[in-house]
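Take a look at the structure below.
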Amino acid sequence: MHRNTRIFITGYGVISAIGVGKDETLRALRQGRSGIGAIEHLRTTHTDLPSGEVHLTNAQLAMRAQTGSATTSRTVMMAVIALREAIEQARLTADDMRRAILLSGTTVGNFDAYEDHFLTLKKQRPEPQHRLFDCGSSTEQLADAFGQWLLKATVSTACSSAANAFVLGANLLRSGMADVAVVGGAECISRFHLNGFNSLMILDHGQCRPFDACRAGLNLGEGAAYMVLETGDHARRRGAQPLACLSGYGNACDAFHQTATSTDGEGAFLAMRKALRMAGLQPSDIDYVNAHGTGTPDNDASENRALRRLFGNALPPVSSTKGFTGHTTSASGAVEAVICLLALRHAFLPANYGFTSPMPDGIVPVAHTETGRKLRHVLCNSFGFGGNDTSIILSWYTLSQQHR
């Protein structure tokens with residue numbers, strides 16, 4: 001199959017702090033309603049750190065997911081909810097899934113469940129069960145909830161994990177290995193997760209403010225999102241409705257530091273430029289950029305430089321939506337890709353929640369949700385530790401005016 005084979009999105013699902021499903025997510029974005037607040041469900045002493053938790057208990061998640069046991073993590077339950085929504089919209093059958101690829105991005109995986117059961121497991125030393133808690137086991141449990149798959153794999157590249165699942169899925173489709181790839185990611189907040197970021201001193205004790213002069217760090221979030229990707233020929237044979245096109249993507253690694261981004265935004269710049277070249281687009285063709293925009297001093301300054309390098313003085317509208325959802329880390333590329341798809345299909349620009357004043361020589365992001373903005377091509381950035389930077393481009397394509 002040719003590398004320029006068009007890849008279409010035929011279904012998508014999401015869960016995050018701003019809602020369960022695409023409809024609740026859309027309403028929150030349009031209303032400018034953030035999901036960040038005090039920690040409710042994670043058992044931690046750091047209750048002074050706001051977060052973007054999904055506002056459901058484990059029992060409520062299990063009921064929604066129609067799955068759950070003593071060792072089922074929030075990561076898996078959220079993933080099941082989001083994946084089911086995507087599969088149902090795409091109308092994939094069990095037979096379709098047996099010929100489909102499942103790629104899930106995560107790094108923390110089932111660690112919340114491991115924390116809850118660590119002392120018991122340590123006493124019992126049941127060696128085979130230890131594998132239940134690595135990041136790959138969450139993908140295994142997710143896959144098992146839906147039956148058989150042609151291939152299932154975990155992508156773990158920190159905060160670019162889910163975005164890299166898109167890249168790998170599209171490449172496998174273009175290789176001819178499969179006609180359908182279900183891609184995305186899931187990540188819950190765990191004590192390991194929260195304490196790790198807190199030790200780096202990059203968590204804000206208030207509402208995060210990406211690209212703001214007074215930004216002080218990020219708010220952690222949790223969530224899951226998945227999209228069904230398929231080739232045009234396969235979508236037509238199934239009678240599936242293309243919702244948008246994954247027109248380009250790029251990955252680059254600047255290898256500048258274990259955690260910090262490069263000061264000149266080299267990796268981010270290269271990833272965005274690669275995505276544009278694959279899509280056959282010029283910077284002027286991009287109508288909106290969903291920035292990685294974590295709210296940390298280093299990330300936002302670096303991404304600002306990368307955007308300036310690529311777009312010059314003709315910068316399109318830019319916003320970070322992490323002020324709504326928190327930073328969902330490994331799932332962020334998928335959660336924010338869904339936000340980009342909603343923006344494409346419903347003609348609006350999501351706000352950069354929390355922004356009040358620009359940083360020196362900084363971009364001025366979209367401060368409030370803007371409706372009635374027809375978009376053709378949107379760029380979505382996801383940048384991970386170690387400089388593993390990924391950008392994807394979603395482009396308008398539909399034969400119907402039905403906005404679902």
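The values are calculated or read from the model by the stated rules, or taken from the named source; none is laboratory data. Source: prediction; values computed, not measured. A quick note on method: Cβ atoms are made from the backbone with ideal geometry, for glycine too, and the neighbour counts reach across all protein chains shown. Protein only, heavy atoms only, side chains kept; ligands, DNA and RNA dropped before computing areas. Shrake-Rupley method; radii C 1.70, N 1.55, O 1.52, S 1.80 Å.
Per-residue answers, yes or no, for (1) at pLDDT below 90; (2) charged (D, E, K, R); (3) touching a helix residue (DSSP H, G or I) at 6+ places or on another chain (Cβ under 6 Å):
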| site | (1), (2), (3) |
| --- | --- |
| Thr10 | no, no, yes |
| Val14 | no, no, yes |
| Gly52 | no, no, yes |
| Asn58 | no, no, no |
| Val80 | no, no, yes |
| Leu92 | no, no, no |
| Arg99 | no, yes, no |
| Thr106 | no, no, yes |
| Phe111 | yes, no, yes |
Right, Ala271: under 15 Å from Ser247 (Cα atoms) and open to solvent by less than 30 Å² (accessible area, probe 1.4 Å) or not? yes
Identify all residues within the stretch 72-107 that are open to solvent by less than 10 Å² (accessible area, probe 1.4 Å) and either aromatic (Phe, Trp, Tyr) or assigned to a loop (DSSP other than H, G, I, E, B) (or both); write none if there are none. Ser73, Thr106
Please pick out the residue among Phe311, Phe355 that is open to solvent by 10 Å² or more (accessible area, probe 1.4 Å) and in contact with an Asp or Glu (Cβ under 6 Å, 6 or more places away or on another chain). Phe355
Collect the residues in the stretch 189-217 that are touching a helix residue (DSSP H, G or I) at 6+ places or on another chain (Cβ under 9 Å) and in a loop (DSSP other than H, G, I, E, B), keeping them in residue-number order. Ile189, Ser190, Ile202, Gln207, Cys208, Arg209, Pro210, Phe211, Arg215, Ala216, Gly217
Considering the stretch 133-148 alone, what residues qualify as being open to solvent by 50 Å² or more (accessible area, probe 1.4 Å) and under 10 Å from Ser104 (Cα atoms)? Glu140
Selection within the stretch 157-178 - modelled with pLDDT of 90 or more and surrounded by fewer than 21 Cβ atoms within 10 Å (Cβ to Cβ): Leu168, Asn171, Leu172, Arg174, Ser175, Gly176, Met177, Ala178
